[in-house]
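The values are calculated or read from the model by the stated rules, or taken from the named source; none is laboratory data. Fair warning: this is a prediction, and the values are worked out from it, not measured in the lab. Here Cβ is always computed from backbone atoms with ideal geometry, including for glycine, and neighbour counts include all displayed protein chains. The protein model used for the area step is the full one, side chains on, heavy atoms only, and it has no ligands, DNA or RNA in it. Shrake-Rupley method; radii C 1.70, N 1.55, O 1.52, S 1.80 Å.
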Amino acid sequence: MEKNFDHAQQEAAMYDLWEKAEAFNPDRMQTKKKTESGRVKSKQFSIIMPPPNANDPLHVGHAMFISVEDILIRYHRMKGDDTVWIPGTDHAGIETQFVFEKKLAKQGKSRFNFDRDTLYKMIWDYVQENSGVAVDQMKKLGASADWSRFKFTLDPSVVDFVVQTFQKMHDDGLVYRDLKLVNYCTHCGTSYSELEVNHTEQTTNLYYIKYPMADDPNEHIVVATTRPEPIFADQYLAVHPDDSSKQHLIGKKVLNPLTKQPMEIIADSFVDPEFGTGIVKLTPAHDFTDFEVAQRHHLPLVPAIGLDGKILENGGEFAGLKVAEARKKVVEVLEKANLIEKINSQYVNRIGTCYRCGRIIEILPLPQFFIKVKDQKNNLTQKVLDVLDKQETKIYGAGREKILRNWLENLKDWNISRQIVWGIRIPVWYEITGNEEKISVTFINSKGEFQKTATLQKRLDEGYSIDEIKKGLQQVYAPAENHFVVSEKNPGETYLPETDTFDTWFSSGQWPIVTLKTNKENDFDRFYPTTVMETAYDILLFWVMRMMMMGVYLENKTPFAHVYLHGLVRDEKGQKMSKSKGNVINPLEFVNKYGADAVRMALIMSSTPGSDSAVGESKIRGMRNFSNKIWNAVRFILLTLEDESQNHSEKNLDSVKDQAFEKKLNEVVGQVTDQLEKLKVGMAAEIAYNEFWHWFCDECIEEQKKGNLSRDALLKGLITFLRLLHPFAPFVTETVWQELWNNGDEQLKKQLGSKLLIVAEWPTE
RNA sequence: GGACUCGUAGCUCAGUUGGUUAGAGCGCUUCAUUGACAUUGAAGAGGUCAGAGGUUCGAAUCCCCUCGGGUCCACCA
């Protein structure tokens with residue numbers, strides 16, 4: 001054996017050995033053990049991998065989940081459980097389309113140059129080019145996932161399943177289409193769920209604007225607002241009903257400062273009498289609170305801003321201006337008319353920004369598809385809360401269960417429409433007959449020219465056929481009340497397809513079910529509910545919550561028994577990694593430098609669910625030393641085995657020492673096993689590390705050198721430790737195991753029990 | 001405003017049913033070692049476990065308060 005462990009030379013070979021033996025596939029491996037009574041014991045252990053973005057290389061967070069999950073999988077496989085780890089990759093709808101559009105932009109093109117089908121195919125090809133990278137990197141990290149069960153989130157079988165789910169939800173009355181306010185990014189051209197909006201603080205102007213009284217234009221009231229630009233569309237103001245200083249205003253009318261149209265003052269308790277002047281203008285089409293107030297009082301919804309982020313035609317002289325420009329101009333006009341009392345320029349305000357591009361999110365009314373989350377018959381959130389109450393799913397991660405409960409209790413209906421191409425098309429078709437005036441379309445005509453938004457009627461009048469429009473279709477805008485049918489295929493000549501796609505989380509929310517139901521025949525019955533869902537805590541609400549909702553809806557059962565939430569990996573100083581700081585750790589770079597085992601150990605050791613951890617090069621280097629320690633312990637023991645002269649020196653051994661050694665060894669086995677059973681992966685790794693290095697190597701090997709411990713005991717200890725350490729450091733342990741097997745006599749082989757460590761038996765006390 | 005979380009060795013962090021001298025990695029000091037490993041070993045310095053109070057035979061751990069970080073949510077325009 002070489003003096004040091006050469007990870008670069010061994011890792012790929014070991015992975016190859018495992019794959020050739022089909023060690024990851026529970027159907028091929030003998031994972032069932034017979035009990036004493038001769039019965040087959042088939043406790044299952046299953047993990048569905050959180051699919052990484054198919055288009056991106058892995059980052060350190062992925063390395064973290066692979067380490068944790070692979071440790072659990074390897075442990076249970078060795079224990080003899082029916083163990084499966086189902087891998088996959090994600091199409092990451094908005095992310096990927098965003099990246100692709102940037103690429104198009106470099107070529108001077110945009111998504112408006114292509115019809116839906118063409119664009120979809122282009123992105124598909126683009127993702128295919130990159131998709132091997134992530135899988136390859138997972139293998140480099142040692143992931144013992146069953147690749148024969150691999151799934152991509154846009155595989156036809158997945159798409160079919162998701163479409164059926166939507167159909168079922170629609171049949172059950174859980175789906176509705178409605179004009180609602182949505183968070184819309186005019187740059188990305190899509191709406192977002194409330195979770196996808198970042199809130200940042202910003203210092204803005206708070207304008208105090210005079211509204212003349214209708215019955216006496218010399219009198220006025222003052223309203224404070226940060227958003228003067230949609231004033232032209234406002235029709236109502238509000239005060240608090242119990243605000244004694246404002247009560248005389250209720251029911252009175254003022255004049256709109258821009259349009260001079262009369263506006264009524266209503267009373268609603270949402271108004272804070274202490275803020276501003278205690279009088280609020282209502283803009284129901286562009287403010288969530290105002291929208292709710294308007295619904296309570298049955299006030300009209302008058303949009304002022306369009307999907308392009310510009311003022312609509314009803315804005316008169318402001319029409320066509322972008323929001324920011326319009327604001328400037330409105331303020332100018334009001335100032336000229338002497339209608340601005342004062343401006344507080346130091347007002348700190350929270351605004352929503354796009355989590356993708358960082359631009360300000362507009363709130364716009366748009367017909368979208370929603371899932372009822374608190375339906376009377378199918379109260380999804382309540383069902384999930386019940387699951388938590390009954391502890392059918394346990395959450396590991398400090399305080400995270402409370403956060404989950406809090407969200408479930410307050411969750412609003414789920415907007416699942418996204419205005420992008422890269423995803424699963426919502427299987428809905430709009431009846432067009434009679435609605436040609438109300439439906440708008442954008443498309444590429446047969447000459448390849450982009451036709452911007454116009455009513456269907458107008459395009460038909462221009463001589464375009466339905467067929468031509470359909471072929472080059474980009475976007476359909478059907479009114480909320482438009483009749484539609486749910487169907488994957490075209491129901492007939494008189495229909496146009498919905499062009500929106502599902503929110504990625506709608507399909508990935510079904511991931512544990514889809515992967516099991518569209519794979520090997522009995523997988524679902526065999527592995528559902530899965531044992532552990534392991535993922536980062538920052539997608540607890542996006543993903544874990546949705547999976548639980550879909551699980552209880554589709555199967556009446558939670559999709560997993562345990563949720564292990566790992567923390568964010570920070571840099572050596574505990575700072576958040578970011579490209580701009582330049583402190584991003586590329587896990588594969590360190591795999592090449594120090595080995596996968598070292599990276600895994602560094603990520604796992606001293607990490608605990610729910611909390612962030614700090615990892616830097618020095619830690620990884622330290623763990624590389626540990627791999628080498630394992631290597632050299634084996635090297636030493638192999639040398640002593642070859643050295644026959646040592647044999648007789650053991651004759652008069654004090655067997656009491658051996659007994660003490662075995663006792664302690666059993667304790668270590670018990671401790672590591674115990675921690676793994678409790679999902680305390682970090683603790684398990686730490687115990688195995690310390691006991692191996694500082695007890696077995698530092699003490700026991702030295703004792704053996706002095707002749708105080710038998711060679712047999714030491715060998716037994718070594719074999720036991722290799723088993724214990726294998727889940728954590730699979731490559732080096734398997735490498736030395738092969739070394740032992742290939743150089744060992746029959747007796748040693750018998751002791752090892754298995755040619756491959758990966759499927760060797762987990763030690764018992 | 002509500003909620004959650006954290007404050008342990010110079011640095012980054014373990015220590016979840018309260019129980020003997022509080023641990024690890026890296027760093028630091030001194031020494032050792034040409035035969036498992038310098039990617040090593042031995043010895044050591046370094047912590048009033050943020051602060052005050054309470055429960056207890058016993059608290060880093062449970063409760064209350066204070067101070068100081070972090071995160072999430074919320075209709076204060």
Practice problem: Kindly list the residues of the range A:166-192 that lie in the label zone of A:ASP538, defined by a backbone N under 20 Å from the point 7 Å along the Cα-to-C-beta vector. | Solution: A:192
Quiz item: Just for chain A, what percent of DSSP beta bridges are antiparallel, to the closest 5?
Solution: 70
Quiz item: Which Cα, out of A:LEU255, A:VAL532, A:GLN747, lies furthest along the positive dipole direction of chain A (beta carbon charges, K/R +1, D/E -1)?
Solution: A:GLN747
Quiz item: Which value, in Å², gives the accessible area per residue of chain A when a 1.4 Å probe is used on the protein heavy atoms?
Solution: 44
Quiz item: Taking the Cα atoms of the range A:480-591 alone, what are Rg (to one decimal) and Dmax (as a whole number) in Å?
Solution: 20.1, 63
Self-check item: For the range A:93-115 and the range A:732-765, distance of Cα centres in Å
Solution: 53
Quiz item: Cα centroid distance between the range A:283-314 and the range A:528-594, in Å?
Solution: 38
Quiz item: Per residue Cα convex hull volume for the range A:366-483, in cubic angstrom?
Solution: 155
Quiz prompt | Share of carbon and sulfur in the accessible heavy-atom surface of the range A:457-584 [1.4 Å probe, %] | solution = 48
Self-check item: Rounded tilt (10° steps) of A:116-140 against the dominant C-alpha axis of chain A
Solution: 30
Exercise. Please report, as a whole percent, how much of the solvent-accessible surface of the range A:586-723 comes from carbon and sulfur atoms (probe radius 1.4 Å).
Key: 46
Quiz item: Rounded to two decimals, what ratio of Rg to Rh does chain A give with C-alpha atoms and a Kirkwood Rh?
Solution: 1.08
Quiz prompt | Cα centroid separation - the range A:416-457 against the range A:165-244, whole Å | solution = 27
Quiz item: How large is the dipole of chain A about the Cα centre if only Lys and Arg carry +1 and Asp and Glu carry -1, each at its Cβ, rounded to the nearest 20 debye?
Solution: 520
Quiz item: Once the Cα atoms of helix A:711-725 and of chain A are each reduced to a long axis, what angle between those two axes, in degrees from 0 to 90 to the nearest 10, is obtained?
Solution: 10
Quiz item: When the convex hull of the Cα atoms of the range A:714-765 is projected onto a plane and the area is averaged over all directions, what value comes out in nm²?
Solution: 3.4
Quiz item: In whole percent, how big is the carbon plus sulfur part of the accessible area of the range A:97-231, probe 1.4 Å, protein atoms only?
Solution: 47
Quiz item: Roughly what percent of Cα-Cα pairs across the range A:296-392 reach past 18 Å?
Solution: 71
Quiz prompt | Given A:LYS106/A:LYS579; A:LYS412/A:LYS438; A:LYS3/A:LYS705; A:LYS402/A:LYS557; A:LYS281/A:LYS336, the pairs whose alpha carbons are separated by over 24 Å | solution = A:LYS412/A:LYS438
Exercise. Starting from the Cα-Cα distance between A:ASP745 and A:SER487, subtract it from 0.36 nm times their residue separation and give me the gain in nm to one decimal.
Key: 86.2 nm
Quiz item: Can you give the Kirkwood hydrodynamic radius of the range A:555-699 from its Cα pairs, in Å with one decimal?
Solution: 18.3
Quiz item: Given charges of +1 on the Cβ of Lys and Arg and -1 on the Cβ of Asp and Glu, with all other atoms neutral, how large is the dipole of the range A:388-451 about its Cα centre, in debye to the nearest 20?
Solution: 400
Quiz item: Here are some pairs, A:LYS103/A:LYS310; A:LYS109/A:LYS322; A:LYS252/A:LYS342; A:LYS210/A:LYS342; which of them have Cα atoms lying more than 18 Å apart in this structure?
Solution: A:LYS103/A:LYS310; A:LYS109/A:LYS322; A:LYS252/A:LYS342
Quiz item: How big, in percent, is the set of alpha carbon pairs in the range A:50-201 lying more than 28 Å apart?
Solution: 39
